[in-house]
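The values are calculated or read from the model by the stated rules, or taken from the named source; none is laboratory data. Values in this document were obtained by computation on a predicted structure and should not be read as measured data. Because the Cβ atoms are built from the backbone with ideal geometry, glycine has one as well, and the counts that use them run over all protein chains shown.
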């Protein structure tokens, strides 16, 4: 396929993408896609779409999430209009259509690559958002633990109290398992914090319990280790009950990727992006 053809096809595909106003989701209309993929008859293209729908269901997805039947009005001459069938297609639906199309068509061959790349880009973006959310939750937990630790020291003037109180809170949250038992279960290195290997929902659960404990220590002027421990255990137990109502058992969830490793990878990616941008700007400046 000639570079000029590839460039034109890329331009054409980019021009067809639309954005759903409420959700912001990208979609393509099947009638528009039919034309650019080289199918002159809707009946023939409909057969490809049906195969794609079957592929979607076979993959375990709800095809109605990716292939939305719609109706639209088109001009038929002399100012008259008629209603015709059409479909709103997600990026994944377009990818499946391309995979089930005639590979001898240049446009189909290009679409297979185009939508595969676009789908992968979306997966990377979604994964990055998940990672950012987890790192933000981890930083917030660090902040709430620092605040709680400082408050406990202020009340008890004892550097060891916070560790004991936090351990009791962990046992309440993890159904009786100690911090060390959870570290053993999740294969957390001895020198590392358990929270670095917890899934986001558990990190947020610990943070929420910390926030409640801090609030109540101040409100109720708690001044003894026993009173603060009781308060923190109760808050973690209450948070556990809330999770349990949604059939979530913190001690049964698998370990998440090391938060420090995720952070290093994200920083490395940012450096690479910055270097690529600087390199591009430098080349542009030389032209």
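Miscellaneous remarks
- Residues satisfying the stated conditions in the range 80-111, i.e. under 19 Å from residue 12 (Cβ atoms) and part of a loop (DSSP other than H, G, I, E, B): 90, 101, 102, 103, 104, 105
- Applying a threshold of 6 Å to beta carbon distances and a minimum spacing of six or more residues, or different chains, the list of pairs starting in the range 165-194 at a residue that is at positive phi and ending at one that is in a helix (DSSP H, G or I) reads 175/251.
- Residue list for the range 40-59, restricted to those being outside any helix (DSSP H, G or I) and modelled with pLDDT of 90 or more: 41
- One residue from 152, 201 being touching a residue at least 24 places away in the same chain (Cβ under 8 Å), over 25 Å from the mean Cα position of the chain (by Cα) and either under 18 Å from residue 229 (Cβ atoms) or assigned to a helix (DSSP H, G or I) (or both): 152
- Single residue of 159, 247, 223, 216 found to be under 22 Å from residue 148 (Cβ atoms), free of Cβ contacts under 8 Å to residues at least 60 places away in the same chain and part of a loop (DSSP other than H, G, I, E, B): 159
- The residues listed here are 193, 143; of these, the one that is out of contact with any helix residue (DSSP H, G or I) (no Cβ under 8 Å at 6 or more places or on another chain), crowded, with 17+ Cβ neighbours inside 10 Å, over 30 Å from residue 93 (Cβ atoms) and not assigned by TED's automatic domain parsing to the domain that holds residue 96 is 193.
- Residues of the range 75-101 that are modelled with pLDDT under 85 and either loosely packed, with under 11 Cβ neighbours inside 10 Å or closer than 22 Å to residue 57 by Cβ (or both): 75, 76, 77, 78, 79, 80, 82, 83, 85, 91.
- Verdict on residue 119 being touching a strand residue (DSSP E or B) at 6+ places or on another chain (Cβ under 8 Å) and closer than 27 Å to residue 11 by Cα: no
- Output for the range 1-20, where each listed residue is at pLDDT below 75 and outside any helix (DSSP H, G or I): 1, 2
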